[in-house]
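Below is one structure, written out as structure tokens, with a few remarks after it.
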Amino acid sequence: MIRKFLASFRGAAANRKGVTAAEYAILAVGVVIIVGSAVSLFGQSLRDAFTAVGQQITTTQGEVAGANQIR
């Protein structure tokens, strides 16, 4: 009986498919935690930066369109 148990234990230890899936799951959780932390820390700053860039693009487009109408 103990031999069967040890044989099944060795077989389970040799099967690494489950370990790989667990490693990917742990890695995915780590990525989610890092991205979530970055968004919560820098979210408002990033929103302000993208808003400023968008406003500058809109302003430049308007200036270019106005300059092209004069010609």
Taking the range 30-71 on its own, how many of its residues are among the polar types (S, T, N, Q) and under 14 Å from the mean Cα position of the chain (by Cα)?
2
Which residue, of 8, 37, is surrounded by 10 or more Cβ atoms within 10 Å (Cβ to Cβ), hydroxyl-bearing (Ser, Thr, Tyr), assigned to a helix (DSSP H, G or I) and modelled with pLDDT under 90?
8
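The values are calculated or read from the model by the stated rules, or taken from the named source; none is laboratory data. Predicted model only: the values in this text are computed from it and were never measured. Here the Cβ is made from the backbone with ideal geometry for all residues, glycine too, and neighbour counts use every protein chain on show.
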